[in-house]
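**Q** This structure is in structure tokens; I'll ask about it shortly.
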Amino acid sequence: MALISLSTRLPKSATAYDVAVASDELDSLAPELKRAAELNGFAGKPGQTLVINGPADEAIRVLVGIGPKAELSADKLRTAAAAYVRSVSHHKAAACTLAEAPSGMSSVEAIGAVVEGLGLASYTYRALKTDKGPTLRKVAVIAGGAGVKAAFGQAQAVVGAVMLARDMVNEPGGSLTPVAFADRAKAVAKSTGLKIQVWDQKRIVREKLGGVLAVNQGSTHPARFLKIDYVPSGRATGKVALVGKGITFDSGGLSIKTSVGMMTMKVDMTGGAVVLATMSTLKALKVKVAVTAYIPLTDNMINGDAFRPGDVFTARNGKTVEVLNTDAEGRLVLADALSLASEKKPDAIIDIATLTGSVSAALGPKIAGIMGTGDEVLARLEVAAKVTGEKVWELPLPQEYRKQLDSNIADLKNIGAGPYGGALVAGLFLKEFTADVPWAHIDLGLSAEADSDDGVIVKGGTAVGVRLLAETLRSW
Ligand code: BES
Ligand code: MN
Ligand code: ZN
């Protein structure tokens, strides 16, 4: 990924720079640029780009469309910056002037969008490639003015956090084990001013995390459970809990997945990585609420003592659960984490998880489902999603489906009655562990992974949710 710096003028090393063009302002371009736009059908549409070579000793210019001037938004600017950075990916150093606040937008808002677009779209995961490319190493954002430096720093922290989460999601499951995840989290906590507790297997037994233990039963790798605290510098204005699903690989267990179904299941710790990454931004964003994160970590594997369909365990809150499908494992580890979180009576709990494929049957592969009992926290998430451009849609938690979770022999079973409404039934299952704390659940489903580049999304782990949660807490 390219290193982004703030500059007040075009650096000598830059061999490319952008020219932001609104679709209704093509006429005000310099004559040679206007001619190039006309010849090449460049209309200034959002994300449209046109590379214009000048004399050999000058930096090339890239016309970058931002759409009609009056409709300019942070999202369009972010997309434009992403398109620009892709179009100069073969340069070593580039510069971007988009952050000179377009009218109708504060320079603080503009620089955030530009840094995110440049940073997120230039991300690549190359740790396991011998060719460590890519070419683009440096991008200078040319901007100045009040508050710009601070906004730039905050945007950098957020972009860095998304990179961290993407790196973790893209790392293979055999390498990012629960212990490796916990080690990564310790390093992150240390460098970003967080307190962290890493509970080992013995502590997990003592804390009665029956769901974590059940899922971990078939694994060679011991489980871990992370509790991470952010304490604001002044008096906390509230208390929020974050919970992230950390299944480092999901084979399905004895209710085994197909080989195709398993292919991407290293991403099943996305929720955990997103929560860790979000925590890493809180100090930089000067968040005023106290935040505690709970991340259960285990893989879902098979050995001679793997938990069986029909087995019953007791969750942290005392409820007994009959496991009829070992592939519905995320809700089991989340049950313990949500119970722990609710014991502390926070103002709200937000969990994030690759919980069901079903949510993507409803919303498709690029939109996450949200549901829950906390109207205020759900509303906050929707507002934050509008700001960050991440796509979420609220789904119901219909009480009439609750009886699908009735078990013959235990308090609950872990699956519903059939293939329909699986994301909602999973949500209803989680609700049983939230006590009466206002709660929001984010089911990422397939949106945790992308099969092609799209705006700020890069093929592979998307880490969708980091900016959403960071913005939700920043504005709390
Ligand atoms: N991790 C999966 C859900 C998933 C699948 C996320 C594909 C992203 C992409 C989860 O543990 C799972 O297997 N869920 C099952 C639940 C079912 C057995 C009730 C599912 O969605 O099929
Ligand atoms: Mn599963
Ligand atoms: Zn899973």
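The values are calculated or read from the model by the stated rules, or taken from the named source; none is laboratory data. This structure is a prediction, so every number in the text was calculated from the model and none was measured. Here the Cβ is made from the backbone with ideal geometry for all residues, glycine too, and neighbour counts use every protein chain on show. Remember, those area values only see protein heavy atoms, side chains included, never the ligands or the DNA or RNA. Shrake-Rupley method; radii C 1.70, N 1.55, O 1.52, S 1.80 Å.
**Q** Among the residues in the stretch 142-163, are any surrounded by fewer than 19 Cβ atoms within 10 Å (Cβ to Cβ), more than 20 Å from VAL333 (Cα to Cα) and basic (Lys, Arg)?
**A** Looking for residues that are surrounded by fewer than 19 Cβ atoms within 10 Å (Cβ to Cβ), more than 20 Å from VAL333 (Cα to Cα) and basic (Lys, Arg), one finds at least one in the stretch 142-163, hence yes.
**Q** Show me the helices (runs of 4 or more DSSP H) found entirely inside the stretch 316-424 where at least 3 residues are away from ligand 2 (no atom under 16 Å from the Cβ), surrounded by fewer than 24 Cβ atoms within 10 Å (Cβ to Cβ) and under 17 Å from the mean Cα position of the chain (by Cα).
**A** 375-388
A quick yes/no check of all residues on (1) within 16 Å of ligand 3 (Cβ to nearest atom); (2) outside any loop (DSSP other than H, G, I, E, B); (3) open to solvent by 40 Å² or more (accessible area, probe 1.4 Å); (4) touching a Leu at 6+ places or on another chain (Cβ under 6 Å):
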| site | (1), (2), (3), (4) |
| --- | --- |
| VAL212 | yes, yes, no, no |
| SER219 | yes, no, no, no |
| PRO232 | no, no, no, no |
| THR237 | no, no, yes, no |
| ILE247 | yes, yes, no, no |
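**Q** Looking at this structure, is SER251 within 16 Å of ligand 2 (Cβ to nearest atom), over 17 Å from SER447 (Cα atoms) and not hydrophobic (A, V, I, L, M, F, W, C)?
**A** So SER251 passes the test.
**Q** List pairs: first in the stretch 336-358 and under 14 Å from ALA448 (Cβ atoms) and modelled with pLDDT of 95 or more, second within 16 Å of ligand 2 (Cβ to nearest atom) and of a type in the set (S, T, N, Q), Cβ under 9 Å, 6+ apart or cross-chain?
**A** Partner pairs satisfying both residue conditions: ILE352/THR270; ALA353/THR270; THR354/THR270.
**Q** Does PHE181 meet the test of being touching a helix residue (DSSP H, G or I) at 6+ places or on another chain (Cβ under 8 Å), part of a helix (DSSP H, G or I) and either assigned by TED's automatic domain parsing to the domain that holds ILE295 or within 21 Å of GLU471 (Cα to Cα) (or both)?
**A** yes
**Q** Looking at (1) more than 16 Å from ligand 3 (Cβ to nearest atom); (2) within 26 Å of THR264 (Cβ to Cβ), find the lone condition where GLU400 falls short.
**A** Only one criterion is unmet by GLU400, namely (2).
**Q** Does ARG467 satisfy being closer than 22 Å to VAL159 by Cα and either open to solvent by 10 Å² or more (accessible area, probe 1.4 Å) or not aromatic (Phe, Trp, Tyr) (or both)?
**A** In short, yes.
**Q** Among the residues of the stretch 187-227, write down those that are among the β-branched types (Val, Ile, Thr) and over 18 Å from LEU176 (Cβ atoms).
**A** THR192, ILE204, VAL205
**Q** Now for a separate question. Which ones in the stretch 307-348 are more than 15 Å from ligand 3 (Cβ to nearest atom) and aliphatic (A, V, I, L, M)?
**A** Across the stretch 307-348, the qualifying residues are VAL312, ALA315, VAL321, LEU324, LEU338, LEU340, ALA341, ALA348.
**Q** Let me ask something else. Which of the residues belonging to the stretch 185-200 are within 22 Å of GLY330 (Cβ to Cβ) and open to solvent by less than 60 Å² (accessible area, probe 1.4 Å)?
**A** Across the stretch 185-200, the qualifying residues are ALA185, VAL198, TRP199.
**Q** Need pairs with beta-carbon distance below 6 Å; first residue within 18 Å of ALA384 (Cβ to Cβ) and within the stretch 101-114, second assigned to a loop (DSSP other than H, G, I, E, B); sequence gap 6+ or separate chains.
**A** The qualifying pairs are VAL108/GLY147.
**Q** Would the stretch 108-130 turn up any residue that is of a type in the set (S, T, N, Q) and within 23 Å of the chain's Cα centre (by Cα)?
**A** yes
**Q** In the stretch 259-280, what residues are within 16 Å of LEU446 (Cα to Cα), open to solvent by 10 Å² or more (accessible area, probe 1.4 Å) and away from ligand 3 (no atom under 14 Å from the Cβ)?
**A** The one that is within 16 Å of LEU446 (Cα to Cα), open to solvent by 10 Å² or more (accessible area, probe 1.4 Å) and away from ligand 3 (no atom under 14 Å from the Cβ): VAL260.
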